[in-house]
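The values are calculated or read from the model by the stated rules, or taken from the named source; none is laboratory data. Small disclaimer: the values here were computed from a predicted structure and weren't measured. Cβ sites come from the backbone with ideal geometry, for glycine too, and all protein chains shown count toward neighbours. When the accessible area is computed, the model is the full protein with side chains, heavy atoms only, and any ligands, DNA or RNA have been set aside. Shrake-Rupley method; radii C 1.70, N 1.55, O 1.52, S 1.80 Å.
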Amino acid sequence: MYRFIAIALVFVCSSSLLAQELVTPSFVGTSPSTVFADEDFGLVVDTGASDCGNDLVSSSLTVEEGVHVVRFDVVSDESENCDDSLPLRVRESVAGLDVGFYDIRVLGRYDQVDLEPVDDTFRIRTHQLPRVDRIDPETPTQDRPVSALVTVSASACTSQLNSSSVDVVGRDIYVRYDAETRPFTVCGVPPPLSFWASFVPTQGGEHNIVVLGRFDGVDLDPVYFPLGVLGSSALVPINGFTPILLAVILLLFGLRALGGIRRDRL
């Protein structure tokens, strides 16, 4: 009796170890490989087995405490003969998600033996185009510093700015930046992710601010923002002494004119 139990235990353990050695599941990635916010996509899992000599019994997807859990059950079929084989994979559909990182866990069974869980992450990216929200000063002038407030993303809690640069070529101001998604952090009301791009226009007239963005390694479409710049002679700077100087000049001309009138009467 005890010998039979020991043999059964050895058989079960051997089967479990054999299943672990022969089948190692993995998370392949999302389908498509680049997923944007609010777009439907699929989670692709490699069962570790081939489609030749193995059958997929079932698969499912659930969300448990924020983790996407993919389960599958595969059984071997030794009666099947084939020359070529492909990986036996599972694809589970997911509705659109917000921008950020998400956890996934793969729980598989092979020939009624539970496999080791596999934990991984996947990313949802943003395809929000940048915009120019403000110009300071509101009336730019040639040869004077100008700053443009460029908004990259709707939330600084889920994205971060890596680099930015500004180049002025004639009447075109090229603003380049590189940003990426980051793990969500609690920050109350999320502020937008913005930065100031400073430059000095070298001539007056109509200009274009061309924003060239890159988000999560994906080049975004250029965004054009028209900008009118006054020529250097179109605006005379006024400081605190200018009104006083003008008043003194007018007073001198008035006194001179008054003196001339008096001399004429004499």
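For every residue, the table says whether it meets (1) exposed (fewer than 13 other Cβ atoms within 10 Å of the Cβ); (2) at pLDDT below 95.
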{"residue": "A49", "(1), (2)": "no, yes"}
{"residue": "V63", "(1), (2)": "yes, no"}
{"residue": "V69", "(1), (2)": "no, no"}
{"residue": "E92", "(1), (2)": "no, no"}
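Residues in segment 111-164 that are polar (S, T, N, Q), part of a loop (DSSP other than H, G, I, E, B) and within 21 Å of the chain's Cα centre (by Cα): T126, Q128, S155, T158.
Would you point out which residue out of S147, S164, S194, S153 is in contact (Cβ under 8 Å) with a residue 24 or more places away in the chain, under 22 Å from F122 (Cβ atoms) and surrounded by 13 or more Cβ atoms within 10 Å (Cβ to Cβ)?
Working: S147 fails: under 22 Å from F122 (Cβ atoms); S164 fails: under 22 Å from F122 (Cβ atoms); S194 fails: under 22 Å from F122 (Cβ atoms).
Going through S147, S164, S194, S153 in turn, the sole match is S153.
Taken over segment 186-222, the criterion of being part of a loop (DSSP other than H, G, I, E, B) and among the acidic types (D, E) is satisfied by D216, D221. Among the conditions (1) among the small types (G, A, S); (2) more than 26 Å from the chain's Cα centre (by Cα); (3) more than 12 Å from V23 (Cα to Cα), the only one that G108 does not satisfy is (3).
Checked against the criteria, D98 does not count as in a strand (DSSP E or B), out of contact with any Leu (no Cβ under 9 Å at 6 or more places or on another chain) and open to solvent by 30 Å² or more (accessible area, probe 1.4 Å).
Would a scan of segment 107-130 turn up a residue that is at pLDDT below 95, over 30 Å from R89 (Cα atoms), in contact with a Gly (Cβ under 9 Å, 6 or more places away or on another chain) and open to solvent by less than 60 Å² (accessible area, probe 1.4 Å)? Within segment 107-130, one or more residues are at pLDDT below 95, over 30 Å from R89 (Cα atoms), in contact with a Gly (Cβ under 9 Å, 6 or more places away or on another chain) and open to solvent by less than 60 Å² (accessible area, probe 1.4 Å).
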